[in-house]
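Undergrad: One structure is given below, represented as structure tokens, and several questions about it will come after.
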Amino acid sequence: MKTNVLTMIVLLLIGGLLACSQPLTTRETGAAIGGVGGAAAGGIIGGAVGHPGAGAAIGGALGLGTGALIGDRLQAMEQKQTDLEKQIKDNESELKRQRQELEILKKQSER
């Protein structure tokens, strides 16, 4: 009975996550994966000692927190990479503009 309730809760959480109108952020994805993985591992460990529901609840909470922390770090790294790519693009545009200006100055000095 406890396993059926736990299964229903997990399925409802997964369904809720999939029904979101926007794509999940890296942090949310990490939290979801950690929560489900933690609940599964906790349920297995808890089942070995006779308390699968408690094990799944504790494992799910710990997995959720850990997954969110890891997802947050990955999201910060993705944002930093995006910022660096924008800076590179801006620098390339500025370099192109300066090269064009240099060519114009060379042509003017030849006259």
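Undergrad: Translational diffusion coefficient, Stokes-Einstein: compute it for the chain using the Kirkwood radius over C-alpha pairs as Rh, at 25 °C and 0.890 mPa s, and state it as an integer in µm² s⁻¹. Mind showing how you got there, number by number?
TA: Details: Rh = 17.5 Å.
D = 140 µm²/s.
Undergrad: Here's a follow-up. Hey, what's the Kirkwood Rh for segment 56-100 if you take every pair of different alpha carbons, in angstrom?
TA: So the Kirkwood estimate lands at 13.2 Å.
Undergrad: Now for a separate question. Which of the GluC sites (Glu not before Pro) found in segment 23-97 are in a DSSP loop and have at most 11 neighbouring Cβ atoms, other than their own, within 10 Å? Show your work: numbers first, answer last.
TA: Numbers: sites: GLU28, GLU78, GLU85, GLU92, GLU94; in loops: none.
Sparse-neighbourhood loop GluC sites (Glu not before Pro): none present.
Undergrad: Something else: For segment 96-111, what does the Karplus curve 6.51 cos²θ - 1.76 cosθ + 1.60, with θ = phi - 60°, yield as ³J(HN,Hα) per residue in whole Hz, taken in order and with x for Gly and Pro?
TA: Values per residue, Gly and Pro as x: 4, 4, 5, 5, 5, 5, 5, 4, 4, 5, 5, 5, 5, 6, 6, 6 Hz.
Undergrad: Answer with one residue from GLN108, GLY55, ALA31: the one whose Cα lies farthest towards the positive end of the charge dipole of the chain, charges on Cβ with Lys, Arg +1 and Asp, Glu -1.
TA: About the Cα centre, the residue reaching furthest to the positive side is GLN108.
Undergrad: What ³J(HN,Hα) values, in whole Hz, does the Karplus curve 6.51 cos²θ - 1.76 cosθ + 1.60 give for segment 69-86 when θ = phi - 60°, with x put for Gly and Pro?
TA: 5, 5, x, 5, 5, 5, 5, 5, 5, 5, 5, 5, 5, 4, 5, 5, 5, 5
Undergrad: Sticking with this one: Rounding to the nearest 20 debye, state how big the charge dipole of the chain is about its Cα centre with +1 on each Lys and Arg Cβ and -1 on each Asp and Glu Cβ. Walk me through the intermediate numbers first.
TA: Details: 12 positive and 11 negative charges, 28 e Å.
Here the chain has a charge dipole of around 140 debye.
Undergrad: Once the other residues with Cβ under 14 Å from the Cβ of GLY35 are scored (Lys, Arg +1; Asp, Glu -1), what is the net sum?
TA: Working: positive: ARG27; negative: GLU28.
Around GLY35, the charge tally is 0.
Undergrad: While we're on this one: Under 18 Å from the Cα of LYS106, which aspartates and glutamates turn up, not counting those fewer than eight places away in the same chain?
TA: none
Undergrad: A follow-up question, please. What percent does the relative contact order of segment 2-79 come to when contacts are Cα pairs within less than 8 Å and at least six residues apart?
TA: Details: 117 pairs, mean separation 27.1, N = 78.
Averaging sequence separation for qualifying contacts and normalising by length gives 35 percent for segment 2-79.
Undergrad: Taking 0.36 nm per residue of sequence separation and subtracting the Cα-Cα distance, how much length would be gained by fully extending the chain between ILE88 and LEU24, in nm to one decimal? Intermediate results must be reported in sequence, preceding the final value.
TA: Values: separation 64, 0.36 × 64 = 23.04 nm, distance 2.73 nm.
Gain on extension, ILE88 to LEU24, equals 20.3 nm.
Read the figures in this text as sums done on the coordinates, not as results from a lab. The structure displayed is predicted, hence computed values, not measured ones. Counting neighbours? That spans all protein chains shown, and the Cβs are built from the backbone with ideal geometry, glycine included.
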